[in-house]
Amino acid sequence: MVTGNKIMKKILCVDDAPDMLKLLARMLEMRGYEVAMATNGLEAIRKAESWQPNLIITDIIMPYMDGLDAITAIRKNPQTAKIPIIVFTASIDADDRKRALELGADEQMPKPFDFVILDNLLQRFLGPNSSIQNLEQSRQDEIREASIKVLLAQKMDLAYQVKIHQTNPDLAATLVYFTTLTRDIVHSLRNRFGIMQSYLPQARYCLHLLEGLTLLHLKPTLSQNFFDGTVTEIALPDLMKFSANRYKVLMAEHRRNGKPPGLTLKGWLDSELLSLSLWLLFQGISGRIPSIDQADIDPPTKHLIQIRDNCNDNPNFGLGLTITLPSYPASYLLKLDDLKYVLQGNATALGLMLLKKTVFLNGGTCRVTNSGEIDLKIPFASSQPDNVEEMEWAISQFVAELPTVSRPYETYQSYLQNLSHGLIEAMVRELDHIAVEARHDDYLITNQKFLNTVLRNCAYARLLLENLRWLGAGTDPACEAVDLTQAVQSVREILRSRIRDRAEDQAEGLVDVEQDFASDLPPICANRIAVEQILLNLIMNALEAMPHGGTLRLGASLRGGQVCLEVSDSGHGIPPQSLPAIFEIRFTTKQRKDYGTGLYVVRSIIDRLGGRIEVASQPDVGTKFSLYFTPIST
């Protein structure tokens with residue numbers, strides 16, 4: 001496209017989260033670029049060849065064909081091989097990001113995106129001084145750097161797994177299952193929160209809590225945000241953000257150098273991870289992240305937290321802190337240092353564990369002293385390790401030490417629920433606040449489209465968090481009268497950007513919807529949130545079965561004294577031999593996955609509600625799920 005005398009540079013954006021995709025496209029268009037969009041790897045390959053963009057920005061985790069396979073295909077095609085590619089992802093897997101570079105990506109950008117990073121990358125790849133030769137050399141340098149960082153992260157993560165297994169095997173096994181089962185949900189939640197924070201800064205609190213959830217994952221964590229041999233600071237306000245009314249952090253002594261109060265970090269340390277883990281501990285101490293037995297939502301006590309920074313007095317420390325909690329008896333804090341209290345759902349014990357993990361990953365030690373102080377020591381290191389052979393040998397040794405988890409997932413369900421309870425509950429409460437605040441925000445009130453985007457993603461995130469709960473032991477949902485028509489309408493609004501729901505919806509790849517509900521349909525005895533979860537999981541399943549579009553059919557009627565809800569698609573169908581296993585948590589059709597959670601959650605909820613579910617499928621024709629509920633007579 002030509003604007004005036006200037007030819008607009010073309011950017012292809014690829015993401016399966018439509019609201020995130022539209023937000024990125026709008027930011028690029030405001031900067032003067034022509035933008036095309038694709039929602040999966042297959043679509044991206046086709047558009048890259050036909051449209052010939054100057055730059056591709058792609059997600060990694062997507063249905064049908066993921067970003068890694070798309071990058072491989074784009075690099076193998078002579079017509080697209082030279083197009084620069086930026087990986088734009090919420091993936092928490094450091095190895096995925098390294099593989100993207102090895103397969104041909106030129107750079108990576110985190111979700112939610114930072115405008116400064118975005119502008120710098122656009123200047124680098126599309127600015128007047130960009131060249132293919134410079135980009136290739138830069139990519140090779142980044143691959144080498146990423147490989148060393150990922151190796152170190154893998155070594156430290158495996159060492160941590162061995163340590164946890166030796167200390168508490170049940171916690172180690174719970175973390176293994178938690179990592180595998182929640183990865184995709186966490187990825188989707190990061191998309192939802194990222195979109196919301198673009199309109200409401202308050203949503204950043206949910207993002208911080210979500211990072212706490214990802215810190216529980218047994219995956220390489222140290223890979224990005226190192227400060228190589230320099231001195232940096234963690235400001236005290238960063239440790240109190242969003243919660244200044246619940247606790248106050250004070251330095252035990254004034255800084256002699258006249259700088260604002262803060263913590264000194266020297267050497268090769270991940271300051272963002274250290275800041276996050278301290279913040280999470282203080283959230284748990286103050287009750288902002290609730291324990292499983294905590295009934296009081298807003299306890300009146302404002303906690304005082306004192307920190308002594310020992311780094312300035314000892315040049316051998318990269319980080320040296322002593323944390324004192326005057327309101328916590330020493331005996332109580334010592335008790336919570338036992339990992340069994342993490343599995344009992346205590347938020348302070350969880351915070352202590354995550355802080356210890358972060359310090360361990362950075363090569364230090366963290367302990368609770370007999371006097372009830374938390375003592376952190378990380379030695380000073382001026383540069384990252386570069387002995388690849390030594391790290392690879394250490395990794396092989398740790399792998400040999402780690403036992404295979406032999407007991408089934410169901411053995412650890414209650415532990416899994418307790419482990420994540422506080423973080424999930426804190427996010428649910430914050431989402432309820434955001435939904436209220438959004439409706440009273442002056443800017444959003446005058447921009448209805450943006451308000452709808454925030455509320456849609458808020459509702460979507462709420463259901464995803466409930467899915468996380470159901471991966472634990474779950475609870476018996478309180479039964480109430482549920483209007484199926486309203487529940488379906490709510491979920492259709494949540495998925496507004498994935499289905500052709502209105503006359504103006506003409507974007508490529510949308511799915512048509514046909515709905516046929518009986519006019520005299522009675523309410524059902526169920527739970528509104530639970531029914532919406534069922535619908536979301538079944539409809540998302542149907543959408544993934546129709547990568548090139550198709551028809552989603554929704555029907556409801558009275559049959560044999562029960563209300564029958566039908567969800568069907570015109571997708572690729574399920575092979576007959578797979579049908580008996582589709583509701584098992586170990587069944588999945590996704591690439592590089594060992595477990596599938598959506599249909600498992602559906603079956604679990606249906607069983608708790610006293611309903612039943614049937615499925616019929618024919619390859620290349622489609623699949624139909626029929627759900628039966630007890631009606632409430634009016």
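Tabulated data
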item: Test: residue in segment 538-552 that is more than 26 Å from ILE61 (Cα to Cα), hydrophobic (A, V, I, L, M, F, W, C) and surrounded by 22 or more Cβ atoms within 10 Å (Cβ to Cβ); result: no
item: ASN346 vs. criteria open to solvent by 10 Å² or more (accessible area, probe 1.4 Å), touching a residue at least 24 places away in the same chain (Cβ under 8 Å), within 28 Å of the chain's Cα centre (by Cα) and on the phi < 0 side of the Ramachandran plot; result: yes
item: Every residue from segment 616-629 that is open to solvent by 20 Å² or more (accessible area, probe 1.4 Å) and among the β-branched types (Val, Ile, Thr); result: VAL621
item: Residues (crowded, with 17+ Cβ neighbours inside 10 Å, farther than 13 Å from ILE582 by Cα and among the small types (Gly, Ala, Ser)) located in segment 594-615; result: GLY611
item: Candidate set: segment 397-418, residues that are part of a helix (DSSP H, G or I) and either among the charged types (D, E, K, R) or in contact with a strand residue (DSSP E or B) (Cβ under 8 Å, 6 or more places away or on another chain) (or both); chosen: the one nearest to ALA172 (Cα to Cα); result: GLU401
item: Count of residues meeting criterion [modelled with pLDDT of 90 or more, of a type outside the set (Gly, Ala, Ser) and farther than 17 Å from GLU614 by Cα] in segment 538-587; result: 3
item: Residue match in segment 328-341 (condition: polar (S, T, N, Q) and part of a loop (DSSP other than H, G, I, E, B)); result: no
item: Complete set of residues in segment 397-420 that are open to solvent by less than 50 Å² (accessible area, probe 1.4 Å), at pLDDT below 90 and of a type in the set (Gly, Ala, Ser); result: none
item: Filter result for THR58 (β-branched (Val, Ile, Thr) and surrounded by fewer than 21 Cβ atoms within 10 Å (Cβ to Cβ)); result: no
item: Subset of segment 468-493 [within 20 Å of VAL186 (Cβ to Cβ) and open to solvent by less than 10 Å² (accessible area, probe 1.4 Å)]; result: LEU468, LEU471, GLY472
item: Qualifying residues in segment 215-247 (those that are open to solvent by 40 Å² or more (accessible area, probe 1.4 Å) and over 19 Å from LEU276 (Cβ atoms)) - the one modelled with the highest pLDDT; result: ASN245
item: Residue count, segment 35-55 (criterion: among the small types (Gly, Ala, Ser), open to solvent by 50 Å² or more (accessible area, probe 1.4 Å) and under 24 Å from the mean Cα position of the chain (by Cα)); result: 0
item: Every residue from segment 549-584 that is among the hydroxyl-bearing types (Ser, Thr, Tyr) and without any contact (Cβ under 8 Å) to a residue 24 or more places away in the chain; result: SER578
item: PRO300 at pLDDT below 85, of a type outside the set (Ser, Thr, Tyr), open to solvent by 30 Å² or more (accessible area, probe 1.4 Å) and in contact with a helix residue (DSSP H, G or I) (Cβ under 7 Å, 6 or more places away or on another chain); result: no
item: Sole exception among (1) more than 16 Å from THR623 (Cα to Cα); (2) open to solvent by 50 Å² or more (accessible area, probe 1.4 Å); (3) touching a Ser or Thr at 6+ places or on another chain (Cβ under 6 Å) for ARG559, by number; result: (3)
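This table checks each residue for (1) among the polar types (S, T, N, Q); (2) out of contact with any helix residue (DSSP H, G or I) (no Cβ under 6 Å at 6 or more places or on another chain); (3) part of a helix (DSSP H, G or I); (4) open to solvent by 20 Å² or more (accessible area, probe 1.4 Å).
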{"site": "LEU355", "(1), (2), (3), (4)": "no, no, yes, no"}
{"site": "THR358", "(1), (2), (3), (4)": "yes, no, yes, no"}
{"site": "ILE395", "(1), (2), (3), (4)": "no, no, yes, yes"}
{"site": "GLY422", "(1), (2), (3), (4)": "no, no, yes, no"}
{"site": "TYR443", "(1), (2), (3), (4)": "no, yes, yes, yes"}
{"site": "ASN452", "(1), (2), (3), (4)": "yes, yes, yes, yes"}
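The values are calculated or read from the model by the stated rules, or taken from the named source; none is laboratory data. Quick caveat: nothing in here was measured; it's all calculated off a predicted structure. Cβ: placed from backbone, ideal geometry, glycine included. Neighbour counts: every protein chain shown. Heavy atoms of the whole protein, side chains included, go into the accessibility calculation; ligands, DNA and RNA do not. Shrake-Rupley method; radii C 1.70, N 1.55, O 1.52, S 1.80 Å.
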